[in-house]
Amino acid sequence: MKKYIYLDNAATTKASDETKAAAELYADMLFYNPSAAYAPALEVKHKLMEAAQTIASLLGATKEEIIFTSCATESNNYAFECGIKNKKGNIVVSATEHASVYESALRLKSKGYDVRFVRPDKNGSISPEETARTVDENTAFVSIIHCSNETGAINDISAISSAVKKICPKAVIHSDGVQAFCKIPTDMTKLGVDLYSMSAHKVGGLKGVGALYVRKGFNMQPFIVGGGQQNNRRSGTENVCGIIGFANSAKAYKSKAAQFDGNKFREIFINALNGKADFTVNGNGKNSGYILSLSFRNLRGEVIAHMMEDRGVLIGLGSACSAHVRTNRVLEAMGVDRSYAEGSIRISFCPQTTEEEVNYAAKALADSVSELKEKIQG
Ligand code: PLP
């Protein structure tokens with residue numbers, strides 16, 4: 001198989017050594033059902049509790065506040081289905097949410113809820129002020145993404161939740177933390193949220209594993225009912241390999257992330273393109289160093305991505321989970337002109353990405369867009 005430089009880590013990451021070791025151990029030697037009563041099964045159950053403790057410690061939370069799910073899409077759906085206490089209140093979400101939040105909100109709208117969207121600024125950030133203007137004393141539920149999967153724009157969730165609580169102290173606050181967890185500070189004692197979603201496969205875990213933080217004292221009814229696993233909060237035999245791999249992998253990822261400087265990589269790309277292309281950087285305010293979103297005027301993102309693939313570099317086109325949708329809802333909400341929006345690509349890093357890879361990929365991108373422009377003009 002051809003070897004590629006992989007720069008689409010916001011879509012998914014390669015499984016870490018910790019994940020592979022857990023898969024091997026808990027699929028084979030310790031394959032037991034954690035709900036069984038014999039000693040080796042109890043050992044597995046104990047390891048699951050340790051995994052909850054590990055995730056909790058990365059969040060400044062307790063293990064009782066962690067529920068494992070089948071993915072962050074489930075965590076987000078769960079938050080909307082079971083997190084709304086005041087059924088008569090309105091729902092406030094940002095216009096920059098991942099599809100799993102956005103569609104959950106639209107489903108509630110179709111059921112008659114008053115759903116309001118907070119507009120981002122031109123950098124894709126959601127400000128506490130704009131959020132405060134959108135909520136009112138009847139707001140029941142607020143969901144604001146922590147770090148945008150499209151642009152990497154970071155929202156100040158702590159300031160947003162304080163602003164919300166001044167106007168509607170009883171509103172439930174949820175944040176989708178998928179692109180933030182292990183990459184930027186995610187201390188639940190500071191963010192002021194009730195619910196927070198995470199996904200394993202963005203930090204070296206397996207696909208099909210997620211988690212939802214539920215603040216202690218928040219009465220969350222189960223979304224999936226059945227055998228009563230996870231203290232009756234989420235039924236279904238636990239994905240032992242995936243959960244333990246997720247916890248060990250997240251811990252390792254976070255310690256590597258402490259030394260990672262993605263802004264240096266963003267600069268390498270931007271410098272390589274300056275003077276060679278007509279482009280904008282989407283999300284140039286307070287941004288994650290893991291994601292670089294670029295839009296090229298009058299070019300097509302998918303053509304650029306194919307040219308990059310031919311040069312041995314894999315990049316994204318915005319959210320992989322919504323790649324079938326032609327218009328980019330998030331960029332549109334930010335006011336990115338259509339002549340640019342259609343030429344959008346997303347480059348995303350992980351702590352293992354090397355400068356050598358980035359130098360090669362940046363040159364490949366500059367060459368690809370120059371070639372494309374020549375073809376169009378000639
Ligand atoms: N939320 C964000 C911000 C994401 O980037 C993604 C995946 O791309 C999800 C939710 C969905 O995660 P999962 O693939 O675990 O369902």
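The values are calculated or read from the model by the stated rules, or taken from the named source; none is laboratory data. The structure presented is a predicted model; accordingly, all values stated were derived computationally and were not measured. We place every Cβ from the backbone using ideal geometry, glycine too, and count neighbours over all the protein chains shown. Side chains are part of the model used for accessible areas, which takes the heavy atoms of the whole protein and leaves out ligands, DNA and RNA. Shrake-Rupley method; radii C 1.70, N 1.55, O 1.52, S 1.80 Å.
Only a single criterion out of (1) touching a residue at least 40 places away in the same chain (Cβ under 8 Å); (2) open to solvent by 20 Å² or more (accessible area, probe 1.4 Å); (3) part of a loop (DSSP other than H, G, I, E, B) is not satisfied by P185, namely (1).
Filter the stretch 195-217 down to residues that are assigned to a loop (DSSP other than H, G, I, E, B) and buried (at least 24 other Cβ atoms within 10 Å of the Cβ) and give me whichever is nearest to the ligand (Cβ to nearest atom).
Initially, the stretch 195-217 is screened for residues assigned to a loop (DSSP other than H, G, I, E, B), giving 203-209, 215-217.
The next check asks that each one be buried (at least 24 other Cβ atoms within 10 Å of the Cβ); those that pass are 203-205, 209.
Working: V203: 11, G204: 13, G205: 9, V209: 8 Å.
Per the criteria, the residue is V209.
Of all helices (runs of 4 or more DSSP H) completely enclosed by the stretch 274-347, which ones contain at least 1 residues that are modelled with pLDDT under 95 and within 16 Å of the ligand (Cβ to nearest atom)? Even if it seems obvious, please write down each step before you answer.
Working: elements: 301-310, 329-333, 338-341.
By residue number, 329-333.
Looking only at the stretch 54-74, decide whether some residue is farther than 25 Å from R234 by Cα, out of contact with any Ser or Thr (no Cβ under 8 Å at 6 or more places or on another chain) and either surrounded by 21 or more Cβ atoms within 10 Å (Cβ to Cβ) or assigned by TED's automatic domain parsing to the domain that holds V172 (or both). No, the stretch 54-74 contains no residue that is farther than 25 Å from R234 by Cα, out of contact with any Ser or Thr (no Cβ under 8 Å at 6 or more places or on another chain) and either surrounded by 21 or more Cβ atoms within 10 Å (Cβ to Cβ) or assigned by TED's automatic domain parsing to the domain that holds V172 (or both). Residues in the stretch 18-34 that are surrounded by fewer than 14 Cβ atoms within 10 Å (Cβ to Cβ) and either outside the structural domain of E238 (by TED's automatic domain parsing) or small (G, A, S) (or both): A27 alone. Cβ separations smaller than 6 Å between residues 6+ apart or across chains give the following pairs from the stretch 337-360 residues that are under 22 Å from G283 (Cβ atoms) to residues that are assigned to a helix (DSSP H, G or I) and open to solvent by 80 Å² or more (accessible area, probe 1.4 Å): P351/K256. Taking each residue of the stretch 103-126 that is assigned by TED's automatic domain parsing to the domain that holds Y78 and assigned to a loop (DSSP other than H, G, I, E, B) and looking for partners that are modelled with pLDDT under 95 and open to solvent by 70 Å² or more (accessible area, probe 1.4 Å) with beta-carbon atoms closer than 7 Å, six or more apart or interchain, yields N123/N284; S125/K286. Of the residues K251, K264, the single one that is closer than 30 Å to M49 by Cβ, outside any loop (DSSP other than H, G, I, E, B) and of a type outside the set (G, A, S) is K251.
Here S255 meets the list (1) away from the ligand (no atom under 16 Å from the Cβ); (2) under 28 Å from N155 (Cα atoms); (3) touching a residue at least 12 places away in the same chain (Cβ under 8 Å) almost entirely, failing just condition (3). The set of residues in the stretch 25-68 being of a type in the set (D, E) and either closer than 26 Å to K183 by Cβ or at pLDDT below 95 (or both) consists of E50, E64, E65.
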